[in-house]
1. Take the solvent-accessible surface of the protein heavy atoms, probe 1.4 Å, and return the percent of it on region 281-384 that carbon and sulfur atoms account for.
2. Please list the equivalent ellipsoid semi-axes of region 138-181, computed as the square roots of five times the alpha-carbon gyration tensor eigenvalues, in descending order and whole angstrom.
3. Can you tell me the length gained on complete extension of the stretch ARG116 to HIS334, counting 0.36 nm per residue apart and subtracting the Cα distance?
4. At a 1.4 Å probe radius, carbon and sulfur cover how many percent of the accessible area of region 1-153?
5. Kindly provide the pair-distance distribution of the chain built from C-alpha pairs, with 10 Å bins from 0 and whole-percent values in order of increasing distance.
6. What aspartates and glutamates could a cross-link reach from LYS17, if we take a straight Cα to Cα line under 20 Å and drop same-chain neighbours fewer than 8 places away?
7. Mind running the shape call on region 17-160? Use the C-alpha gyration tensor, a ≥ b ≥ c as the square roots of the eigenvalues: rounded below 1.5 for a/c, prolate if a/b tops b/c, oblate otherwise.
8. Please give the per residue accessible area of region 1-63, computed with a probe of 1.4 Å over protein heavy atoms only, in Å².
Amino acid sequence: MLVKINSAALLGLDAYKVEVEIDSQKRLPGQSIVGLPDASVRESRDRVRAAIENSNFEFPPGYFTINLAPADTKKEGPLYDLPIALGMLLVSEQIGAQNLAGSFMAGELSLDGKVRGVNGILPICLSLKKAGAQKVLVSAENADEAALVEGIEVIPVADLTEAAGYLSGSKEIKPHKIDINALFPPEPEYGLDFSDVKGQEHVKRALEVAAAGGHNVLLVGSPGSGKTMLARRLPTILPPLSLNEALEVTKLYSVTGLLDGRRVLVTSRPFRSPHHTTSDIGIIGGGRIPRPGEVSLAHHGVLFLDEFPEFERNVLEVLRQPLEDSKVTISRAHSTLTYPAQFMLVAAMNPCPCGNYMDPVKACSCLPHQVQRYWGRLSGPLLDRIDLHIEVPRLKKEELTSRPDGEPSSVIRERIIKARRVQQERFKGSETYCNARLTPRQIREACQLKADAEELLKSAILHLQLSARAYDRILKVARTIADLDGSARIEARHIAEATQYRSLDKKER
């Protein structure tokens, strides 16, 4: 007897239909799983046997051939436990198939028959909906996540007995629903605020400009000057995630198993801060079983790289593609996967190995060639992709002992939301979403300069000997400053402020 049950397999952030075929033959007892299963799929034979017997069913005699079609793609993970177990019960006619038509299922079985959650349920359900699935059987743990997808019935099952009862029609289970809008808090929850920051007004202004235009930032300052504290508060002034953005981020976290049981939807912008010993695969993604890296986990959020020059050179260089293209492409022999990587890069570093170069309080102990070698770890093409270079000085004694009295993040965020709306209207119908992603043609169209602003920019290029690569960056940042200012055209004061944010170019004189 042959039974077919619908399931799914993940391929990057997408999923495709997998047909689990179970055939029984009157031979010596045994099982074989074919269709390019990995070790975790092959091990399901033992989990399924124990789950069936401990759920008061009889493990059917005979030889079972289990095929996972299509047979030319790799199948990974324990999500086929549930369809295999139910298929064997159907083949042995221990249960009926009243609700089998149009049903898809995925879940891991414990030895006592409980159905456990699996990673990637959200992208699986999104893909199954496109494939015409009417309902999906998942673990109760995955029910909230699966219910984020509208237009598909989510049937939560706690154990194999309950799943078998539903499939045979002897047990009724109501489809699980969730109110997506109720998952979004009135205010983003970060636990941090810009009002906590003492002093550093020009740095806070620079981060506001960066957030308004989606620009990448490099913070340079002595240890203890507040670089990390400022960077960690950047997500608090970014616009709230939209529903589509939240679903994109949640798909990435679902695939990597980073969704905890307390949340099923990522509603606040990610902040990822990998250690400087992280490998290039950890940053960019990949591995034997390709998974998203830190650049993708920071999608629609902030990637913070502290001790920037301490990262391996090859790790820093792999950042260039996602910074330019907002995506990561990972090629393997059997497939090519693409993960989104639309993030703001915030890098922090000391001005020299000891950290005290040009510090007014502590003397620098580094030799000139040591400082030069330290900065030489950062390539020109990488620095070229960072729009704002900000010097973060050590706080003065008066600032350090004073009470913080800066603007709260909510006030700054309102200004940034207003500026982003201007950009969305300007770039309507194109793939550009912020000023940092302006194409050369869009720069010519959007960055209209007043006469005095044009003269000031020419003067800056000539007298400050700014590199040619800084020209477009200054225009993009000036466009953002003008948007914050509510100005349709770029004025001289906007160019002047944007020029101040290219401190590394000035040091090249």
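1. Summing carbon and sulfur atoms, their accessible area is 51 percent of the total for region 281-384.
2. Details: eigenvalues 86, 22, 9 Å².
The answer is 21, 11, 7 Å, longest axis first.
3. Numbers: separation 218, 0.36 × 218 = 78.48 nm, distance 2.95 nm.
Separation in residues times 0.36 nm, less the Cα-Cα distance, equals 75.5 nm.
4. Details: 3070 of 6480 Å².
Roughly 47 percent of what the probe reaches on region 1-153 is carbon or sulfur.
5. Histogram of Cα-Cα distances, whole percents per bin: 4, 17, 23, 20, 14, 11, 7, 3, 0.
6. Reachable aspartates and glutamates: ASP38, ASP72, GLU76, ASP81, GLU108, GLU145, GLU150, GLU153.
7. Here region 17-160 falls in the prolate category.
8. 53 Å²
The values are calculated or read from the model by the stated rules, or taken from the named source; none is laboratory data. None of these values were measured; they are calculated from a predicted model. Here Cβ is always computed from backbone atoms with ideal geometry, including for glycine, and neighbour counts include all displayed protein chains. Side chains included, ligands, DNA and RNA excluded: accessible areas come from the protein's heavy atoms. Shrake-Rupley method; radii C 1.70, N 1.55, O 1.52, S 1.80 Å.
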